[in-house]
Amino acid sequence: MKVTFPHMGNIYIAAKAVFDTLGVEYVIPELNNRKALDVGVKHSPEEICLPFKIMIGNYIESIERGADTVIIVGSCGPCRFGEYGELQMNLIKRLGYDVDFVMLDAPKDVGVKEFLDRISKITSHSKKSKIEKMRAIKNGLTVINLCDGIDAKAHELVGYEINRGECKRLLKEYKDKALHSNGVDELISILREYKKKINNVKIDKNKEPIKVGIIGEIYTVIEPFSNLYIEDRLMDFGVCTKRALTPSWWVKDLLTKSFKLNSLDIRRASLKYLPYYIGGHARECIGETVLGQKSGLDGAIQLFPMGCMPEIVSKAILPTISKDKDFPILTLVIDEMTGEAGYITRIEAFLDMLERRKKADVLYGS
């Protein structure tokens, strides 16, 4: 068995930790790029959403490098993501590739026994003991929590840093070193080292940077290539960003969903505007917006791929929140045809507006 998986943010680093501990062979696709997207666009249904197309590009690249098993998380909700598994399996087989798919649906959707059976399809190829297999899961969780923590801290501090570009440089360094680490112990050591480095970044607390929440569809929010590296661009502008949707959040939400204890703060915050789950992460988008305004953010940017039904519903609700809370929100809809120049221009105009509002608040105390 040689497994692969689609890219989504820092998941590839956690997957590396898991499979290194298990001793299972794996193929990490190249970091998402235009080539992967072009391959996905060529073979995918024209009107399917952007994440689907990028994932197909990931699979084909990895299969051509020897992968024979694709791991993907699943969903049973009304979002089109719930159909990804069947559609992608059929598409890959139609292209002539003979590979297995392991769909990791939430335990509450398929039952605990079925969920564990699917996990065992992967772990059964490991010669490690049961204790080591449990350790693999622990290592994966440790790594994803460290990665997401470092990222969050860097995006929180970037607007206050004294040495411009230091936070962004540290992010790039740790990811490069993590990808090329030799074994899980070295990987975790690297992450802990960079957690200390990011916490020790010299800052000027007297600065008053723009602070923006990143909300929307989970893949487009988490995977930098799909959102045209918006967080990196905002770092270049010295803008602090905050987002709740991360791989570590997703794991925690998945594990607590069966007990209805998932994302209680977000659910409470969304009650007035969207009290029901309608698929995808629409409710999280609404809840995060309300929480972001309460926490002192200056505005929010909603990101989602063209045709995403849950986020289209969110987009229709957000203007009401913006008016009620006097909270500016920019919506960016993305697909493979999105032009970079126009995309950046809209972001810059939004930031200019936030900066003028912030200066007015300082001058007039309003």
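The values are calculated or read from the model by the stated rules, or taken from the named source; none is laboratory data. Because the structure is predicted, anything quoted here is derived from the model rather than measured. Note: ideal-geometry Cβ built from the backbone for every residue, glycine included; neighbour counts use all protein chains shown. With ligands, DNA and RNA removed, areas are computed over all heavy atoms of the protein, side chains included. Shrake-Rupley method; radii C 1.70, N 1.55, O 1.52, S 1.80 Å.
If only one of Leu116, Leu95 is of a type in the set (A, V, I, L, M, F, W, C) and free of Cβ contacts under 8 Å to residues at least 12 places away in the same chain, which one is it?
Of Leu116, Leu95, the one residue that is of a type in the set (A, V, I, L, M, F, W, C) and free of Cβ contacts under 8 Å to residues at least 12 places away in the same chain is Leu116.
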Filtered residue count, the range 83-106, keeping only those that are part of a helix (DSSP H, G or I) and open to solvent by 30 Å² or more (accessible area, probe 1.4 Å): 7
Some residue of the range 343-361 being open to solvent by less than 40 Å² (accessible area, probe 1.4 Å) and free of Cβ contacts under 8 Å to residues at least 40 places away in the same chain: yes
Positions within the range 6-34 being more than 15 Å from Ile144 (Cα to Cα) and out of contact with any Ser or Thr (no Cβ under 8 Å at 6 or more places or on another chain), in sequence order: Pro6, Glu25, Glu30, Leu31, Asn33, Arg34
Which listed residue, of Lys53, Lys42, is outside any loop (DSSP other than H, G, I, E, B) and surrounded by 19 or more Cβ atoms within 10 Å (Cβ to Cβ): Lys53
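Among the strands (runs of 3 or more DSSP E) lying completely within the range 235-338, list those that include at least 3 residues that are closer than 30 Å to Glu161 by Cβ and not basic (Lys, Arg).
Here the list reads 299-305, 329-334.
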Matching option when the condition is out of contact with any strand residue (DSSP E or B) (no Cβ under 7 Å at 6 or more places or on another chain) and not small (Gly, Ala, Ser), among Lys2, Lys16: Lys16
The lone exception for Ile162 - which of (1) out of contact with any Ser or Thr (no Cβ under 7 Å at 6 or more places or on another chain); (2) β-branched (Val, Ile, Thr); (3) under 24 Å from Thr69 (Cβ atoms) it fails: (3)
Selection status of Ile286, in contact with a helix residue (DSSP H, G or I) (Cβ under 8 Å, 6 or more places away or on another chain) and free of Cβ contacts under 8 Å to residues at least 60 places away in the same chain: yes
Of all residues in the range 263-276 being surrounded by fewer than 16 Cβ atoms within 10 Å (Cβ to Cβ) and of a type outside the set (Asp, Glu), the one that is farthest from Tyr84 (Cα to Cα): Lys272
